[in-house]
Amino acid sequence: MDNKLKNKQGLTEEEFLKTYDAGEYERPSVTVDMLIFTVTDQEKESYRKLPEKVLRLLMIKRGDHPYIGQWALPGGFVNMDESMDEAARRELKEETNIDNIYMEQLYTWGDVGRDPRTRIISTSYMSLVDSHSLDVKANDDADDAKWFTVSCKLFQEQKTVTPAGYILQRLFKLILSNEDDILSATIKIVKTVENRVTKIEREIVESEGIAFDHAKIIEYGIERLRNKIEYTDIAFNLMPELFTLTQLQQVYEIILDTELLKANFRRKISDMVIETNEYTKDAGHRPSKLFRFNPN
């Protein structure tokens, strides 16, 4: 590359960079927010019955303004000398004591009024973990860190045909709950298709106990999780090293929020698992064969 090329002002790149004023444009702050999902057993009523599985999400109780006392996703500000991924890993370790786990970037949120402090743009990350291997602790910035059981259900849908396409409006009810708290939100998603151009807008209609626009981020993360579990091996991040096929099917069912036919499911995942010679040792029911993930 020729660094001697000059711009309209007659400056080379070196000369231009020496005189560049970084304060010429107002700069927004940048943050990262993490969706940490896990699947755990619900309390079982009978030792003869296999425990039901539930999808859970890690939330942090805010210890300072804004939204003091409300629950938010773990996250924080990106430093000038680190990448987005490095900031996500650092914040996760600082806020929750979680380290060295699978994470992927989801989406960047940039609505002008999304944070009352200043103009803040946030990149969200999603992670799926086996919570039994984690030691979650809240740090000094947070009052608490807790797992919440997640429910996100479509409760209203309306489609309007237009001359050039259609408008699809859907309302979702998000509920996050544990033994102490119930958080909720209603999220409206409007999909507009016009002359083969698609636009999707999300809006929080109401939110109870969930800070910032994090209800919107959570709903989007669940939608992505449901889509990805259909065509990737992402679900195995939620599993221990050894598992039964019934346990694996339960994980798929709880994420997809639907029952699956046993035979179809086992056909679908047959190449993704390796049979072992080990069996479960649960009291009250017959031993089941254990499997492990096939990385090939």
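Where a number appears in this text, it was derived from the coordinates with a stated rule and is not lab data. Please read these numbers as outputs of a predicted model, since none were measured by experiment. Ideal geometry is used to build each Cβ from the backbone, glycine not excepted, and the neighbour counts take in all protein chains shown.
For this structure, a couple of remarks:
- Cross-link pairs exceeding 24 Å between alpha carbons, from the set LYS228/LYS281; LYS53/LYS153; LYS53/LYS289; LYS53/LYS173; LYS173/LYS268: LYS228/LYS281; LYS173/LYS268.
- The tail of the calculated P(r) for region 29-238 beyond 21 Å holds 57 percent of all Cα-Cα pairs.
- Placing dummy labels 7 Å off each Cα toward the beta-carbon, the span from TYR102 to VAL205 is 3.4 nm.
- Estimated 222 nm signal from helices in the chain, with DSSP H stretches of n ≥ 4 weighted -39500 (n - 2.57), rounded to 500: -6000 deg cm²/dmol
- Simple label model, 7 Å out from Cα along Cβ direction - SER29 to ASN195, nm: 4.1
- Farthest toward positive dipole pole in region 29-238 [+1 Lys/Arg, -1 Asp/Glu at C-beta], among PHE37, PRO66, ASN227: ASN227
- Taking trypsin sites (Lys or Arg not before Pro) as exposed when their DSSP state is a loop state and no more than 10 other Cβ atoms lie within 10 Å, the longest site-free interval of the chain runs over 197-280.
- Segment LEU171-GLU278, extension gain: residue separation times 0.36 nm, minus the distance between their alpha carbons: 34.0 nm
- Extending 7 Å from the Cα toward the beta-carbon at both TYR20 and ASP64 defines two label points whose distance is 3.1 nm.
- Among the GluC sites (Glu not before Pro) within region 176-220, those in coil by DSSP and having at most 12 neighbouring Cβ atoms inside 10 Å are GLU179.
- The loop-placed GluC sites (Glu not before Pro) in region 230-296, going by DSSP, that have at most 16 neighbouring Cβ atoms within 10 Å of their Cβ come out as GLU241, GLU259.
- Between GLU13 and SER83, the contour length at 0.36 nm per residue exceeds the alpha carbon distance by 22.7 nm.
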